[in-house]
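The structure appears below as structure tokens.
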Amino acid sequence: MPELPETETIARDLNREVSGARIASVRVTKPDVLREVSPAELAQRAAGATIERGWRRAKLVVLDLSTGDRIVVQPRFTGALLIDAGALPDEERRYSTVELRLADGRSLHYRDIRRLGTLALMPPERFARYSSALGVEPLDPTFTTEHLSVLLRASRQAVKKLLMDQRVIAGIGNIYANEALFRAGIDPSRAAHRISADEAASLRSAIVDVLRESIAARGTSFRDYRDASGARGGFVERLAVYGRAAQPCPRCGARRIGTHAIDGRMTVLCARCQE
């Protein structure tokens, strides 16, 4: 966490709330979250710049600056970008690692409790190289059944592991890989190249649907994910398998099982529905 729906929610919030805002100053309290830039360089290059746009690439939140630089945040498990207009709880400010003080009096905090995420400042050419190493966006029109079928046929690894490979498909993590495979009725441990054309069509539809539904619910909060206003995501109540091990399957009533056999990550599935 956060995955595509969560970072998409944050990026949309920031695009709506801080696009056009000028960065007056920068304060770095935990420099170990920075990548490719020092605290002094970040302050020098970002101060005075205007935030032109907030958007998402894979599991990244990207802020385009008027200078051409891009602030690139990978929140990972405990990171969040929070807008502070004076009402942000002290507990959230306590874990602020980088603060962008805006000219209108607000602040944008990169809050990261365990400091597992990162914040980088990249010029355009560097970001282009970084982005080109990532796979297709699953909500992009180019992510067709035919495209997914090609990706599946080229891999002998478990289909769930392929879905989470950011070099192949960008933005899907453990939560949504579990959910999409359940909806498609596919065993997560099956070799990707053994997925049929009809199954690939079902899987592609399931991926797109679960991501869009989660975005509409503003993401899934299990622990630390918050949107840019500090609110929790609402999709957790709609999860069919992830976090539901040992509970009855909503489709057939069989007991859902959890295993770490695939790449050491928690996989939850229904052995009856996903044979």
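Tabulated data for the structure shown
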read-out: Residue that is surrounded by the most Cβ atoms within 10 Å (Cβ to Cβ) [pool: residues in the stretch 102-142 that are of a type in the set (Asp, Glu) and over 17 Å from Ser25 (Cα atoms)]; value: Asp112
read-out: Residues of the stretch 143-160 satisfying the condition of being open to solvent by 80 Å² or more (accessible area, probe 1.4 Å) and either within 13 Å of Ser189 (Cα to Cα) or assigned to a loop (DSSP other than H, G, I, E, B) (or both); value: Ala154, Arg156
read-out: Evaluation of Ser214 against (1) among the polar types (S, T, N, Q); (2) open to solvent by less than 40 Å² (accessible area, probe 1.4 Å); (3) under 19 Å from Glu17 (Cα atoms) (one fails), failing number; value: (3)
read-out: Condition broken by Glu99, with the remaining ones in (1) open to solvent by 60 Å² or more (accessible area, probe 1.4 Å); (2) closer than 28 Å to Lys30 by Cβ; (3) not polar (S, T, N, Q) satisfied; value: (1)
read-out: Subset of the stretch 217-229 (residues that are surrounded by fewer than 21 Cβ atoms within 10 Å (Cβ to Cβ), polar (S, T, N, Q) and touching a residue at least 24 places away in the same chain (Cβ under 8 Å)); value: Ser229
read-out: Residue identified as open to solvent by 20 Å² or more (accessible area, probe 1.4 Å), under 21 Å from the mean Cα position of the chain (by Cα) and not hydrophobic (A, V, I, L, M, F, W, C) among Glu91, Glu3, Glu8; value: Glu8
read-out: Candidate set: the stretch 19-48, residues that are open to solvent by less than 10 Å² (accessible area, probe 1.4 Å) and out of contact with any Asp or Glu (no Cβ under 9 Å at 6 or more places or on another chain); chosen: the one nearest to Phe235 (Cα to Cα); value: Ile23
read-out: Qualifying residues in the stretch 161-211 (those that are of a type in the set (Val, Ile, Thr) and outside any helix (DSSP H, G or I)) - the one surrounded by the fewest Cβ atoms within 10 Å (Cβ to Cβ); value: Val168
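Yes/no per residue for (1) touching a residue at least 60 places away in the same chain (Cβ under 8 Å); (2) exposed (fewer than 15 other Cβ atoms within 10 Å of the Cβ); (3) aliphatic (A, V, I, L, M):
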residue	(1), (2), (3)
Ala231	no, yes, yes
Arg238	no, yes, no
Val241	yes, no, yes
Arg244	no, no, no
Gly258	no, no, no
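The values are calculated or read from the model by the stated rules, or taken from the named source; none is laboratory data. Since the model is a prediction, treat every value here as computed from it, not as a measurement. Cβ coordinates were reconstructed from backbone atoms using ideal geometry, including for glycine residues, and neighbour counts include every protein chain displayed. Surface areas here come from the heavy atoms of the whole protein model, side chains and all, with no ligands, DNA or RNA. Shrake-Rupley method; radii C 1.70, N 1.55, O 1.52, S 1.80 Å.
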